[in-house]
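As structure tokens, the structure follows; a few thoughts come after it.
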């Protein structure tokens with residue numbers, strides 16, 4: 001039976017089995033077996049978080065019971081399971097608050113007052129919650145509930161209230177609870193806007209077994225999307241300053257857009273999980289890479305959002321304005337939809353993060369896309385568009401035209417997307433200078449790959465979508481099942497170390513990297529920047545970093561960087577505020593009169609005292625640990641305990657660390673350190689030394705800060721960098737000279753210190769998070785060695801320890817007090833090994 | 001208004017002529033999902049609504065422009081019939 005013919009089966013003709021949601025024992029066992037495999041798959045690839053795995057186990061166990069319950073019990077059971085899921089993920093107290101607030105809002109929708117009065121009451125409650133979210137009113141619950149509460153209610157309440165007004169079928173309590181607290185939501189603040197009417201209408205509207213099987217297919221597809229996303233995220237993404245030739249530009253454009261696979265993957269997982277409980281929800285995305293026009297793109301990507309906008313804004317506007325004429329009404333309604341999309345994007349961010357988001361690229365992006373969709377819509381209104389029942393027939397010419405249109409749309413969207421996601425407009429414009437770079441054969445790679453995907457994707461297939469599985473042809477149904485099973489088996493097989501390691505080290509490393517969700521090298525760098533500055537790009541996009549940030553408490557550490565540092569003139573720009581003290585949740589932070597987080601020392605050391613100045617950034621300063629807990633203080637104590645009966649009676653380590661400082665700023669800090677007549681300079685490097693050096697140079701060039709080092713200015717001239725140039729361009733031009741710039745910094749530290757008789761020690765301390773952060777370590781060690789430093793490389797200091805035992809928090813990769821003790825122990829061993837070289841006087 | 005209007009045929013005829021020229025009429029059955037199946041989109045829905053409003057002098061509401069009321073020819077015909085009555 002063809003799809004078209006099969007789809008003609010009336011919904012009124014549903015079999016008894018289908019209506020009662022029954023499933024045979026064998027089919028039930030088949031579904032359970034697949035769910036077990038899926039659980040293994042989720043675990044093997046560490047899909048999303050540990051919390052999601054727990055939730056999946058709860059959902060699959062819940063399914064095992066749910067499938068055998070009488071139909072009338074199932075919705076209440078699902079509601080209870082969803083509430084339990086919130087408890088499992090968020091803990092009992094947070095769950096109780098969240099459900100309590102939710103019940104108040106649902107209850108307000110049903111109070112026996114006029115619709116307008118209820119709306120007014122809801123707005124009042126939302127207003128109070130908004131004030132609390134913004135921090136203007138106190139609240140007794142944890143910050144952690146906001147993102148989930150927001151994702152459950154910020155859009156769904158609008159749809160629910162809209163449908164209450166227009167839908168004649170009364171809602172049951174179970175339906176309302178199931179709709180708002182639906183199970184997967186507990187783990188996913190990024191959640192599709194599910195239509196309430198569809199949620200109710202499609203409940204067990206097909207053969208139960210086939211709905212469940214469909215759910216498994218969706219979840220497996222979701223996992224595939226998420227794995228592909230990791231390939232893009234880890235291996236293909238580039239920073240704008242790395243785009244220096246046309247091949248990079250195409251890679252940047254494509255990878256930037258393909259990061260959206262994460263959203264589509266998560267939505268597939270969510271909808272698939274809901275299918276296990278009988279909610280046969282329609283597709284959330286429809287092969288959006290194959291959009292052949294801007295209206296087509298809008299229809300294919302995030303379909304639930306489009307339908308939400310259509311229902312709540314588009315149709316009401318167009319129907320109200322139809323007297324103006326269809327075309328005028330259509331234009332106004334479409335522009336209104338895009339205006340509201342922009343606004344609701346900011347509104348969404350407010351509920352998730354607590355701050356409003358107003359960025360010029362957002363406005364421009366939605367305006368441009370809106371205008372393009374309006375133009376396309378008017379064209380379609382006038383000329384129509386090709387539609388077909390079942391499989392369309394296309395000649396070669398039609399096929400070529402379709403491929404050309406799809407290809408052009410894809411690249412246009414990529415460009416528009418890159419504009420939208422760029423950190424700033426100057427950064428985006430600077431990137432296009434890459435077109436003047438070398439045209440190598442690699443420039444064809446992505447255009448060719450994309451063309452191949454589009455050609456294959458344009459081969460006609462069944463065009464009818466969201467057909468009930470029971471109305472598909474038996475062949476298509478079996479094919480889908482087999483593909484799902486084979487896909488799961490393949491991925492599980494590949495994920496086994498004994499299997500993927502057989503294909504060589506590179507393949508093994510590649511597969512291994514895809515098996516865990518971690519931050520990419522670019523996001524790791526952004527995370528580091530985010531400790532000390534506000535990150536716009538993190539604020540705006542639903543990246544993994546965004547999720548890490550979302551969990552970060554607003555008053556993390558009870559102090560922000562701005563309170564700890566002050567701006568000063570000169571090349572270093574910032575220093576710690578002298579004679580400052582504050583108590584934080586991790587202990588007291590005390591800054592001495594010289595602006596060091598340390599005890600008070602005399603400027604001139606006593607004759608029998610060995611003094612070393614420790615240069616570095618937040619790690620040295622002891623970000624997130626109390627006074628006396630940073631490794632510098634621990635080492636100093638130990639030296640005084642264990643070595644004070646030797647050559648020196650006393651040891652003093654001066655903590656010169658300043659959060660956010662980068663290698664070039666250490667030139668200034670070293671000059672300051674030399675005023676304290678140290679016997680040694682301990683330069684602490686913490687990874688990505690070359691990139692961080694260039695970052696800082698780019699910053700000072702853009703800000704026109706005077707660079708007082710002739711060697712550096714000569715390098716800038718060589719790279720054709722001039723004061724005031726935008727940061728992205730500076731980075732592009734300086735990148736080929738990165739090694740030379742860092743070498744200059746290191747050599748100057750060594751030569752200046754030696755001139756004052758101080759030994760120079762270069763200590764490498766890694767970030768707690770292993771991975772891309774260490775990719776420049778080898779080069780930095782070589783540069784430090786060449787410059788003449790004594791090297792103590794502690795790159796494996798955290799090895800063998802669980803990351804959560806060593807770091808402050810998922811959103812803050814600094815070591816905690818235990819991490820500092822580890823560092824101190826290892827550093828002591830390193831110092832001891834080279835004691836004669838380091839602990840000596842210049843005249844020895 | 002004539003209570004015996006065959007809305008089903010009228011809707012089917014309009015959809016075939018306006019959106020699916022050249023398709024086999026037998027494939028366009030009364031229960032074929034039009035909106036959820038991706039055959040008619042928001043622009044086509046709008047054209048369809050405006051056409052029948054004009055043709056039968058009826059007024060449809062914005063909230064009726066959804067899958068519940070317009071997903072199949074049977075649904076559309078029922079909605080039109082309810083308006084005409």
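The values are calculated or read from the model by the stated rules, or taken from the named source; none is laboratory data. In this text, all values refer to a predicted model and were calculated from it rather than measured experimentally. Please note: Cβ atoms are built from the backbone with ideal geometry, for glycine as well, and neighbour counts cover all protein chains shown.
Residues considered: A:336, A:315. Of these, the only one that is crowded, with 19+ Cβ neighbours inside 10 Å, free of Cβ contacts under 8 Å to residues at least 24 places away in the same chain and within 14 Å of chain B (Cβ to nearest Cβ) is A:315. Scanning region B:15-53 for residues that are closer than 15 Å to residue B:79 by Cα, free of Cβ contacts under 8 Å to residues at least 24 places away in the same chain and more than 7 Å from chain A (Cβ to nearest Cβ) returns B:49, B:53. Of all the numbered requirements in (1) in a strand (DSSP E or B); (2) modelled with pLDDT under 85, residue A:581 misses one, and that requirement is (2).
The single condition from (1) away from every other protein chain (no Cβ under 14 Å); (2) buried (at least 20 other Cβ atoms within 10 Å of the Cβ); (3) at pLDDT below 95 that residue A:4 fails is (1). Residue count for region A:272-296 under the criterion of being touching a helix residue (DSSP H, G or I) at 6+ places or on another chain (Cβ under 6 Å) and either within 14 Å of another protein chain (Cβ to nearest Cβ) or more than 19 Å from residue A:199 (Cα to Cα) (or both): the result is 12. When each of B:81, B:10 is tested for being more than 12 Å from chain A (Cβ to nearest Cβ) and surrounded by fewer than 16 Cβ atoms within 10 Å (Cβ to Cβ), the lone residue that passes is B:81. Of all residues in region B:56-77, count the ones that are free of Cβ contacts under 8 Å to residues at least 40 places away in the same chain, in contact with a helix residue (DSSP H, G or I) (Cβ under 8 Å, 6 or more places away or on another chain) and either within 20 Å of residue B:37 (Cα to Cα) or away from every other protein chain (no Cβ under 11 Å) (or both). Selection size over region B:56-77: 10. Among (1) more than 14 Å from chain B (Cβ to nearest Cβ); (2) touching a helix residue (DSSP H, G or I) at 6+ places or on another chain (Cβ under 6 Å); (3) closer than 23 Å to residue B:65 by Cβ, there is one condition residue A:322 misses while meeting the rest; what is its number? Going through the list (1) more than 14 Å from chain B (Cβ to nearest Cβ); (2) touching a helix residue (DSSP H, G or I) at 6+ places or on another chain (Cβ under 6 Å); (3) closer than 23 Å to residue B:65 by Cβ, residue A:322 breaks only (1). The helices (runs of 4 or more DSSP H) found wholly in region A:420-505 include none carrying at least 1 residues that are within 14 Å of chain B (Cβ to nearest Cβ) and surrounded by 12 or more Cβ atoms within 10 Å (Cβ to Cβ).
Applying the set (1) surrounded by fewer than 19 Cβ atoms within 10 Å (Cβ to Cβ); (2) under 25 Å from residue A:464 (Cα atoms) to residue B:76 leaves exactly one unmet item: (1). Note on region A:160-177: residues that are within 19 Å of residue A:204 (Cβ to Cβ) and within 14 Å of chain B (Cβ to nearest Cβ) total 2. Exactly one residue among A:347, A:304 is under 28 Å from residue A:225 (Cβ atoms), out of contact with any helix residue (DSSP H, G or I) (no Cβ under 8 Å at 6 or more places or on another chain) and either more than 10 Å from every other protein chain (Cβ to nearest Cβ) or buried (at least 21 other Cβ atoms within 10 Å of the Cβ) (or both), and that residue is A:347. Report yes if residue A:826 is more than 31 Å from the chain's Cα centre (by Cα), over 18 Å from residue A:624 (Cα atoms) and free of Cβ contacts under 8 Å to residues at least 40 places away in the same chain, otherwise no. Here the answer is yes, as residue A:826 does meet what is asked.
Among the candidates A:619, A:639, A:634, the residue that is more than 30 Å from the chain's Cα centre (by Cα), within 21 Å of residue A:806 (Cα to Cα) and surrounded by 19 or more Cβ atoms within 10 Å (Cβ to Cβ) is uniquely A:634. Looking only at residues in region A:7-48 that are outside any helix (DSSP H, G or I) and modelled with pLDDT of 50 or more, the one that is nearest to the other protein chains (Cβ to nearest Cβ) is A:21. Among the residues examined, residue A:102 does not qualify as without any contact (Cβ under 8 Å) to a residue 12 or more places away in the chain, closer than 25 Å to residue A:275 by Cα and crowded, with 17+ Cβ neighbours inside 10 Å.
Yes/no matrix, rows are residues, columns are (1) part of a helix (DSSP H, G or I); (2) in contact with a strand residue (DSSP E or B) (Cβ under 9 Å, 6 or more places away or on another chain); (3) modelled with pLDDT of 90 or more; (4) under 30 Å from residue A:424 (Cα atoms):
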{"residue": "A:724", "(1), (2), (3), (4)": "no, no, yes, yes"}
{"residue": "A:730", "(1), (2), (3), (4)": "yes, no, yes, yes"}
{"residue": "A:734", "(1), (2), (3), (4)": "yes, no, yes, yes"}
{"residue": "A:739", "(1), (2), (3), (4)": "yes, no, yes, yes"}
{"residue": "A:743", "(1), (2), (3), (4)": "yes, no, yes, no"}
{"residue": "A:746", "(1), (2), (3), (4)": "yes, yes, yes, no"}
{"residue": "A:752", "(1), (2), (3), (4)": "yes, yes, yes, no"}
{"residue": "A:761", "(1), (2), (3), (4)": "no, yes, yes, no"}
{"residue": "A:768", "(1), (2), (3), (4)": "no, yes, no, yes"}
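Per this entry, residue A:693 is counted among residues that are crowded, with 21+ Cβ neighbours inside 10 Å and more than 30 Å from residue A:651 (Cα to Cα).
Here is a yes/no grid of residues against (1) touching a helix residue (DSSP H, G or I) at 6+ places or on another chain (Cβ under 8 Å); (2) surrounded by 19 or more Cβ atoms within 10 Å (Cβ to Cβ); (3) away from chain B (no Cβ under 14 Å):
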| site | (1), (2), (3) |
| --- | --- |
| A:117 | no, no, yes |
| A:123 | no, no, yes |
| A:127 | no, no, yes |
| A:133 | yes, yes, yes |
| A:138 | yes, no, yes |
| A:158 | yes, no, no |
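Do we have any residue at all in region A:204-224 that's away from chain B (no Cβ under 14 Å), closer than 15 Å to residue A:304 by Cβ and either in a loop (DSSP other than H, G, I, E, B) or touching a helix residue (DSSP H, G or I) at 6+ places or on another chain (Cβ under 6 Å) (or both)? The answer is yes; a qualifying residue exists.
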